[in-house]
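The values are calculated or read from the model by the stated rules, or taken from the named source; none is laboratory data. Source: prediction; values computed, not measured. Quick reminder, even Gly has a Cβ in these numbers, built from the backbone with ideal geometry, and neighbours come from all protein chains shown. SASA here: full protein model, heavy atoms, side chains in, ligands and nucleic acids out. Shrake-Rupley method; radii C 1.70, N 1.55, O 1.52, S 1.80 Å.
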Amino acid sequence: MNKLFGFLIGIVCASHGFSQNNGYWQQHVDYKMEIDMDVDKFQYRGKQTLVYTNNSPDTLNRVYYHLYFNAFQPGSEMDVRSRTIADPSPKIGDKISKLKPEEIGYIKVNDLTQNGKPLAHETVGTVLEVRLNEPIQPGGQATFKMDFDAQVPVQIRRSGRNNAEGVALSMTQWYPKLAEYDFEGWHADPYIAREFHGVWGDFDVSLTIDEDYVVGGTGYLESKTKAENGKKTLRYLAPNVHDFTWAADPDFAHDTYEMPNGPTLHFYYKKTMDQEYLDNWKKLQPDTAKLMTFFSENIGAYPYEQYSVIQGGDGGMEYAMCTLITGERSYNSLLGVTSHEMAHTWFQFLLATNEAKHEWMDEGFTSYISSFATNSLRENKSDNPVAGSYRGYIALANSGYEQPLTTHADRYAYNQSYGISAYSKGAVFLAQLGYVIGEENLKKTIKRYFKDFAFKHPKPHDIIRTAERVTDLELDWYFIDFAQTTNTVDYGVKSVEDSTIVLERIGLMPMPIDLTVSYTDGSKEEFYIPLQMMRGEKPTTATVLKDWAWAMPEYTFEASKPVQSVEIDTSQMMADVNRENNVFNLE
């Protein structure tokens, strides 16, 4: 592991330099946990020692822990929200409300100390509220020790026991997890529906479990004790991660696939599945290596020594060094979900945005890059892998139900609005940015973004500022209109008379314009109309016209000869919500 630690030390040093130059800071936590699992009762006891380093300039008088398993109890916020939202998720529905006491999930904190002294604490739903005896000063540390009991819920959403495909334990968000604190304050969100946020740190986890269980997940297996009384203890170390996940089943097959320059890929899946699914999991292994290569080449190098694809959960969900996915799928589905979840390793895990506040940076950027990765492996390749994202976003924009991307992930009025906003509009944000600044500049922006913000917690402005640094263009207008409002792009061809072309801006959102003009003599010419507030142009071989100022609703120019037809944006990479007015043809 010397190569890995060398890489991580370099990242940490780079982070410190970044902090000194830009005022950036982030908290750090070291977890040491001892877990004793009772696989018959689906209960476990835990001891956790947590060393918390306060790198903030603030004095901390309290801390918060997430107790995610408490969401799986009748009357929880997740339960009530699922039963009262207009379009409940079929994965949850009213299932939580019907759980029996032996089926619910819980994490009960029995004892908690700070630097050896008992702490008062209160469990409020899925959050543990802790008032400190001694404030943690800027630059200071505190050691928290905790004893807790927990029960694994019947599998409903992501975590749980005995999922639909018979996987015994899908252990995600299973331990008391310290909430993140940054320049915006504490992020102690209740677990209602969506995703997660965590503190970067190192994990040392010892898991005692029945000897016939095969375990896969986060971290490197450091040691394994000889079984006593039918149980073994597995010790895992996971450096520089912000989560720790595992899954286990006595019927897991475990395959490894060595990539020439690393990492080692691990595959855990039920060997009791039908042969067609077993064949799919074998076929998946070399394709997963190709996906890993694609993401490393197009975003940045994967920094860990292993990655695991594990059957479990309720669909697909990303975690540290691994993903849990359901396995009884067609091959195309298995490949697609693996591609998406692996891409999350970069967009949310390594580039650790707050998913609850900026879900579109997590799901959307992942959807964008994974569409291209999956497409690269398909026999029948699409000319535009993100076309579906554009269709989804445009339908939402025209529906009247859209909310801005600044909406907290739990505050969308409709689950469908959340899904389209996070996945589709988030993907369009990147794809359309490529239209604005040029595809090569977008590729450079993505790589620069990873280089500057890996192992940190980037915010929305960081991606657009990165694009500005790469291009030297002014792009705040793009971020404001597309991410912070529901303003839409709608440009049209208003009139064409002989060689005079009049265009109009109908929507409120500004854009530069790519224009294709066909002449009556059969020739064709490409034009580019810069957006004045962009203060520059993308690289182009088209004829560059004068700037269009946003406040001017119309734009007129003279072509060189009589015009046969005009089309705005033949690439369809501009998210125009009404393409019917984008084309003019002389009858």
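What FRET efficiency do you get for residue 287 and residue 448 if R0 is 25 Å and r is their Cβ-Cβ distance, rounded to the nearest 0.05? Can you show the working numbers first?
Numbers: r = 28 Å, r/R0 = 1.13.
Efficiency, rounded to the nearest 0.05: 0.30.
From a point 7 Å beyond the Cα of residue 183 in the direction of its Cβ, which residues of region 460-476 have a backbone N at a distance under 12 Å? Backbone N within reach: 460-462. Rounded to the nearest 20 debye, the dipole size of the chain about its Cα centre is 1260 debye, using +1 on the Cβ of Lys and Arg and -1 on the Cβ of Asp and Glu.
Residues of region 342-489: accessible area per residue at 1.4 Å, in Å²? Present the calculation step by step, with values, prior to reporting the outcome.
Numbers: 4960 Å² over 148 residues.
With the other protein chains kept in place, region 342-489 gives 33 Å² per residue.
Kirkwood radius, region 190-261, all distinct C-alpha pairs, inverse of mean reciprocal distance: 14.3 Å.
What net charge do the residues around residue 586 carry, taking every other residue with its C-beta under 13 Å from that of residue 586, with Lys and Arg at +1 and Asp and Glu at -1? Intermediate values should be presented prior to the final figure.
On the way: positive: 561; negative: 497, 498, 521, 567, 587.
Summing Lys and Arg as +1 and Asp and Glu as -1 gives -4.
Report the extension gain between residue 123 and residue 520 in nm, rounded to one decimal, defined as 0.36 nm multiplied by the number of residues separating them, less their alpha carbon distance. Please list the in-between numbers first.
Numbers: separation 397, 0.36 × 397 = 142.92 nm, distance 7.47 nm.
Extra length from residue 123 to residue 520 when fully extended: 135.4 nm.
What translational D, rounded to a whole number of µm²/s, comes out for region 404-519 from Stokes-Einstein when the hydrodynamic radius is the Kirkwood one over Cα pairs, at 20 °C and 1.002 mPa s? All intermediate terms of the calculation are to be shown ahead of the outcome.
Details: Rh = 16.2 Å.
Once the numbers are plugged in, D ends up at 132 µm²/s.
Along the Cα-to-Cβ line of residue 164, 7 Å from the Cα, sits a label point; which residues in region 68-98 have backbone N less than 11 Å from it? Zone members listed by number: 90-92.
Counting only protein chain heavy atoms and rolling a 1.4 Å probe, the accessible areas of 391, 235, 157 rank, largest first, as 391, 235, 157. Look at the Cα gyration tensor of region 272-420: its axes a ≥ b ≥ c give a/c of at least 1.5 with a/b over b/c, and that counts as prolate. Peptides 335-341, 542-548, 98-104 ordered by packing proxy, namely the average of other Cβ atoms within 10 Å per residue, highest first: 335-341, 542-548, 98-104.
Between 384, 350, 404, the Cα set farthest toward the positive side of the dipole of region 321-418 (charges on each charged residue's Cβ, about the Cα centre) is that of 384. Secondary structure note: in region 244-348, about 55% of the DSSP beta bridges are antiparallel.
Only protein heavy atoms count here; under a 1.4 Å probe, residue 32 has an accessible surface of about 110 Å².
Under the simplified labelling scheme, the residue 557-residue 211 pair shows an inter-label distance of 7.8 nm, with each label point 7 Å from Cα along Cα→Cβ. A P(r) calculated from all alpha carbon pairs of region 211-349, with 5 Å bins opening at zero, reads 2, 10, 20, 24, 20, 13, 7, 3, 1, 0 percent. Here the accessible area is traced with a 1.4 Å probe on the protein chains. For the chain, carbon and sulfur cover 47 percent of it. Count Lys and Arg as plus one, Asp and Glu as minus one, and take only other residues whose Cβ is under 13 Å from that of residue 111; the net charge is then +3.
May I ask for log10 I(q)/I(0) of region 337-450 at q = 0.14 Å⁻¹, from a Debye sum over the Cα atoms as equal point scatterers with solvent left out? Values returned for q = 0.14 Å⁻¹ are -0.56. Per the Debye formula on identical point scatterers at the alpha carbon atoms of region 21-78, with no solvent, log10 I(q)/I(0) at q = 0.26 Å⁻¹ is -1.14. A simple spin-label model places the labels of residue 413 and residue 94 2.5 nm from each other, with each point 7 Å out along Cα-to-Cβ.
For the full complex of protein chains and a 1.4 angstrom probe, list 323, 520, 233 by accessible area with the highest value first. Please list the in-between numbers first.
On the way: 323 0, 520 75, 233 40 Å².
Largest to smallest exposure gives the sequence 520, 233, 323.
How would you classify region 468-543 from its alpha-carbon gyration tensor, with a ≥ b ≥ c the square roots of the eigenvalues: rounded for a/c under 1.5, else prolate if a/b is greater than b/c, otherwise oblate? Because a/c hits 1.5 or more and a/b fails to exceed b/c, region 468-543 counts as oblate. With the whole protein complex present, residue 171 retains an accessible surface near 0 Å², based on a 1.4 Å probe.
Note on region 487-587: Kirkwood radius taken over Cα pairs, Stokes-Einstein applied at 25 °C and 0.890 mPa s, translational D equal to 180 µm² s⁻¹. Between residue 49 and residue 226, the modelled label-to-label distance comes to 2.7 nm, taking each label 7 Å out from Cα in the direction of the beta carbon. What percent of all Cα-Cα pairs in the chain falls in each 10 Å bin, counting up from 0? Histogramming the chain at 10 Å steps yields 3, 16, 25, 25, 16, 8, 4, 2, 0, 0 percent. If only the Cβ of Lys and Arg carry +1 and only the Cβ of Asp and Glu carry -1, the dipole of region 478-535 around its Cα centre is close to 260 debye. Projecting the Cα atoms of 60, 24, 49 onto the dipole axis of region 21-64, where Lys and Arg carry +1 and Asp and Glu carry -1 at the beta carbon, places 60 farthest toward the positive end.
Think of each Lys and Arg Cβ as +1 and each Asp and Glu Cβ as -1; about the Cα centre, that makes the dipole of region 544-583 roughly 120 debye.
Suppose the chain between residue 565 and residue 264 were pulled fully straight at 0.36 nm per residue; how much longer would it get relative to their current alpha carbon spacing?
Values: separation 301, 0.36 × 301 = 108.36 nm, distance 5.50 nm.
Gain in length upon complete extension: 102.9 nm.
Starting with the highest mean, order 409-416, 83-90 by the number of other Cβ atoms within 10 Å, averaged over the residues of each peptide.
Final packing ranking: 409-416, 83-90.
Expected output is a single nm value to one decimal: the length gained when fully extending between residue 279 and residue 380, i.e. 0.36 nm times separation in residues minus the C-alpha distance. What is it? Walk me through the numbers on the way to the answer.
Working: separation 101, 0.36 × 101 = 36.36 nm, distance 2.15 nm.
Fully extending the segment from residue 279 to residue 380 adds 34.2 nm.
Once a ≥ b ≥ c are taken as the square roots of the eigenvalues of the Cα gyration tensor of region 106-152, is the result rounded (a/c under 1.5), prolate (a/b larger than b/c) or oblate (a/b not larger than b/c)? Judged from the Cα gyration tensor, region 106-152 comes out prolate (a/c at least 1.5, a/b above b/c).
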